[in-house]
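*Asks:* Pasting in a structure now, in structure tokens, and then I'll have a few things to ask.
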Amino acid sequence: MPRYALLILPAFNRVYGESSIRLTRSELAVFSARALGGVVLDSEETRIGGVPYVTFETTRPLDDADLALLSNLSSVYAVFGMEGELLRPQTMRPRDRLSSDLITIQKYAGKTNEHFTKLLLNVTALAGDKGLADGLSVFDPLCGRGTTLNQALMYGYDAYGLDVDAKDFEAYTGFVKTWLRNKRLKHTAETVPVRRERALAGRRFNVTFGLSKEAVKAGDVQHLTVVNADTLKSREFFKPRSFDLLVTDAPYGVQHGSKGGAGLSRSPLELLARAVPVWAELLRPGGAMGIAWNTYGGKSAELANILGDAGLEVVTYPDFEHWVDQAIVRDIIVARKPA
């Protein structure tokens, strides 16, 4: 049977790097089951030349479309076909269409690991009816300084975010405007107040950009919108059934409180119980919601009940739980909205 090897990207975060092999195997299983017709039979960690790889057998040789899809695995650096003791490089064609520094250049305390953000977006997209298709719209209702939004933009998607923290809003909008100018991308960017009954309800940052002037003229543009407001009021800023994907890394509740409009909570589940029904209204039928959370703040069964009560169907996925630090064990739960 055909056999392949995935060379894993080195992780800047040592702790995440220790989990990357296992997480890649779980992510590969999702790609196989949801997008490749179960072509991957099994996977394992294999050391080749003293370097860790994920190796696996397939029911048939992988074609160009298969390899293009696997090029988007979150921690994969290269794909090889295995021929005895030899490795034959396979051509990779990832979706990324922007410079990688859009993801990596921001450095701040509490930033979610970029590889994990990509993993979360991938497995959420694969739970939806459209998969990793072109032209998706992605919403992060707890977007912070925009790691999820940036990954969505990298894939060519339209990205929408909301966060109550004014400092994060200002830091992210400032970063985006500077980055677009430095890359000399044709764009428009503006921050406008949003008022309800003459009272200030929030601020909205709107960006439209293209890879070239010609692309903009042809209508080949991407959209980014970020709102500075309470996530429980998301429906005041976005219409129902607006998004294909909702992807978010929930506050961990141990190092900082969960922000939900009614003060700070030590349990992210208290926030999610109130927010998920609001978020679910914003998903299109056939769309998917992916949430990362700290398992010390609530069990997966409790979160599954919250998602189910909001009319979503929890997707059965392999193990994504991993240790972050003494106060945080992170996991992923994904659910889809029935079509």
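*Asks:* Before we move on, is Gly144 over 24 Å from the mean Cα position of the chain (by Cα) and either of a type outside the set (Ser, Thr, Tyr) or in a loop (DSSP other than H, G, I, E, B) (or both)?
*Replies:* Values: over 24 Å from the mean Cα position of the chain (by Cα): no; either of a type outside the set (Ser, Thr, Tyr) or in a loop (DSSP other than H, G, I, E, B) (or both): yes.
For Gly144, the condition - over 24 Å from the mean Cα position of the chain (by Cα) and either of a type outside the set (Ser, Thr, Tyr) or in a loop (DSSP other than H, G, I, E, B) (or both) - is not met.
*Asks:* Could you tell me whether Ala35 is out of contact with any helix residue (DSSP H, G or I) (no Cβ under 7 Å at 6 or more places or on another chain), touching a residue at least 60 places away in the same chain (Cβ under 8 Å) and either of a type outside the set (Ser, Thr, Tyr) or not assigned by TED's automatic domain parsing to the domain that holds Tyr157 (or both)?
*Replies:* No; evaluated as a whole, the condition is false for this residue.
*Asks:* Filter the stretch 290-328 down to residues that are in contact (Cβ under 8 Å) with a residue 40 or more places away in the chain and of a type in the set (Asp, Glu) and give me whichever is nearest to Thr112 (Cα to Cα).
*Replies:* The residue in question is Asp325.
*Asks:* Considering Gly49, Gly17, Gly38, which residue is surrounded by fewer than 20 Cβ atoms within 10 Å (Cβ to Cβ) and modelled with pLDDT of 95 or more? Show your work before the answer.
*Replies:* Numbers: Gly49 fails: modelled with pLDDT of 95 or more; Gly17 fails: modelled with pLDDT of 95 or more.
The conditions single out Gly38.
*Asks:* Read through the list (1) over 26 Å from Pro277 (Cα atoms); (2) touching a Phe, Trp or Tyr at 6+ places or on another chain (Cβ under 9 Å); (3) of a type in the set (S, T, N, Q), then give the number of the only condition that Thr208 fails.
*Replies:* (2)
*Asks:* Then there's this: Can you tell me which of (1) touching a Lys or Arg at 6+ places or on another chain (Cβ under 9 Å); (2) of a type outside the set (A, V, I, L, M); (3) outside any helix (DSSP H, G or I) is the one Phe175 doesn't meet?
*Replies:* Condition (3) is where Phe175 drops out.
*Asks:* Can you report the number of residues in the stretch 178-200 which are crowded, with 16+ Cβ neighbours inside 10 Å, free of Cβ contacts under 8 Å to residues at least 40 places away in the same chain and in a helix (DSSP H, G or I)?
*Replies:* Qualifying residue count, the stretch 178-200: 1.
*Asks:* Which of the residues that make up the stretch 159-177 are of a type in the set (Lys, Arg) and either modelled with pLDDT under 95 or surrounded by fewer than 16 Cβ atoms within 10 Å (Cβ to Cβ) (or both)? Before you say what the answer is, go through the steps one by one.
*Replies:* Filtering the stretch 159-177 down to residues of a type in the set (Lys, Arg) leaves 167, 177.
Scanning the stretch 159-177 gives a single hit, Lys167.
*Asks:* Can I ask one more? Considering the stretch 288-300 alone, what residues qualify as being of a type outside the set (Lys, Arg) and either over 16 Å from Glu313 (Cβ atoms) or over 14 Å from the mean Cα position of the chain (by Cα) (or both)?
*Replies:* If the condition is that a residue be of a type outside the set (Lys, Arg) and either over 16 Å from Glu313 (Cβ atoms) or over 14 Å from the mean Cα position of the chain (by Cα) (or both), then Ala292, Trp293, Asn294, Thr295, Tyr296, Gly297, Gly298, Ser300 are the ones that fit.
*Asks:* With the structure loaded, tell me whether Glu44 is part of a strand (DSSP E or B) and at pLDDT 95 or above or whether it fails that test.
*Replies:* So Glu44 passes the test.
*Asks:* Also: Please go through the stretch 320-339 and pick out each residue that is touching a Pro at 6+ places or on another chain (Cβ under 6 Å) and either surrounded by fewer than 16 Cβ atoms within 10 Å (Cβ to Cβ) or part of a strand (DSSP E or B) (or both).
*Replies:* Going through the stretch 320-339, the residues touching a Pro at 6+ places or on another chain (Cβ under 6 Å) turn out to be 337, 339.
Ala339 - this is the single residue of the stretch 320-339 that is touching a Pro at 6+ places or on another chain (Cβ under 6 Å) and either surrounded by fewer than 16 Cβ atoms within 10 Å (Cβ to Cβ) or part of a strand (DSSP E or B) (or both).
*Asks:* What strands (runs of 3 or more DSSP E) completely inside the stretch 48-127 contain at least 3 residues that are closer than 29 Å to Gln222 by Cα? Before the answer, list the steps.
*Replies:* On the way: elements: 51-58, 76-83, 86-89.
Of the strands (runs of 3 or more DSSP E) lying wholly inside the stretch 48-127, those with at least 3 residues that are closer than 29 Å to Gln222 by Cα span 76-83.
*Asks:* Which number in (1) more than 25 Å from Lys111 (Cα to Cα); (2) touching a residue at least 40 places away in the same chain (Cβ under 8 Å); (3) surrounded by fewer than 18 Cβ atoms within 10 Å (Cβ to Cβ) marks the one condition that Gly156 misses?
*Replies:* Gly156 satisfies every listed condition except (1).
*Asks:* I'd like to verify a number: residues in the stretch 201-232 that are in contact (Cβ under 8 Å) with a residue 40 or more places away in the chain and out of contact with any strand residue (DSSP E or B) (no Cβ under 7 Å at 6 or more places or on another chain), how many?
*Replies:* Start the filter on the stretch 201-232 by keeping residues that are in contact (Cβ under 8 Å) with a residue 40 or more places away in the chain, which leaves 211, 222-232.
Going one step further and asking which of them are out of contact with any strand residue (DSSP E or B) (no Cβ under 7 Å at 6 or more places or on another chain), we end up with 211, 230, 232.
So the answer is 3.
The values are calculated or read from the model by the stated rules, or taken from the named source; none is laboratory data. This structure is a prediction, so every number in the text was calculated from the model and none was measured. Cβ atoms come from the backbone with ideal geometry, glycine included; neighbour counts cover every protein chain shown.
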